[in-house]
1. Given the peptides 101-108, 34-41, 63-70, arrange them by the average over their residues of other C-beta atoms within 10 Å, most packed first.
2. In Å, what Kirkwood hydrodynamic radius results for the range 58-214 from the alpha-carbon pair distances?
3. Between the alpha-carbon centers of the range 50-83 and the range 118-191, tell me the distance in whole angstrom.
4. Step by step: find N for the range 34-121, compute 2.2 N^0.38 Å, then divide the Cα radius of gyration by it. What's the final number?
5. Can you give the FRET efficiency to the nearest 0.05 for residue 71 and residue 130, using r as the Cβ-Cβ distance and R₀ = 41 Å?
6. For residue 91 and residue 31, compute 0.36 nm times the residue count separating them, minus their Cα-Cα distance, and round to one decimal in nm.
7. Taking Cα pairs under 8 Å and at least six residues apart, what relative contact order does the range 110-203 come out at, in percent?
8. For the range 77-122, what does the relative contact order come out to in percent, with C-alpha contacts under 8 Å and a separation of six or more?
């Protein structure tokens, strides 16, 4: 399927992609099948100890993208932390969080999965590490991943790296990911564009991609 994919300068002046990241503004036409990845939008990282306004801000845009993806026949895949108490080394960095089976490891209600969605669990930053995500995407004939969630400079960036290593196109709607600081957000987005050829766009254009695949 031929889909129009472009990065615009218009919209939120804080996300002037061309100025900040050198993003292209010309229209690109390509064939792709995209899946929406919703990463770590769980209570621990939105309303819990490691959450905050940065995470709340992206919830409505991710919700809208997920609804569009479902209508358009694009896979929606949730990949979230579910750590093992007393085992996982991330506790040394962040303290105990998102323990498997705990309330904090549950999705926030506004982004609850629906019938037909896929749910995977991770114990490392990357959504690909020991989760079965790569096998699932290949079974679904997906060649492009649209990354959403938190944090941009940690789990999103590590997932982008692993997607790139496996030959997937990487798309990042910049209003569907966030970091703890604006500096971390901008630095990570620029890094992903430069190192992984990530396409930086916004939720409006991502909706066009995800909603035209039937």
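Every number in this text was worked out from the coordinates using simple rules, so none of it is lab data. The shown structure was predicted, so the numbers you read here are calculated from the model rather than taken from an experiment. In this analysis, Cβ positions are derived from the backbone assuming ideal geometry, glycine residues included, and neighbour counts consider all displayed protein chains.
1. Details: 101-108: 16.4, 34-41: 25.9, 63-70: 20.1.
So the order, starting with the most tightly packed, is 34-41, 63-70, 101-108.
2. Working: mean 1/r = 0.0625 Å⁻¹.
Roughly 16.0 Å, rounded to one decimal.
3. Between the Cα centre of the range 50-83 and that of the range 118-191, the gap is 12 Å.
4. Details: Rg = 13.5 Å, N = 88, 2.2 N^0.38 = 12.1 Å.
Compared with the compact-globule rule of thumb, the range 34-121 sits at 1.12.
5. Working: r = 32 Å, r/R0 = 0.77.
FRET efficiency, residue 71 to residue 130: 0.80.
6. On the way: separation 60, 0.36 × 60 = 21.60 nm, distance 4.15 nm.
Roughly 17.4 nm would be gained on extension.
7. Details: 127 pairs, mean separation 24.2, N = 94.
Worked out over the range 110-203, it gives 26 percent.
8. Values: 46 pairs, mean separation 26.3, N = 46.
Worked out over the range 77-122, it gives 57 percent.
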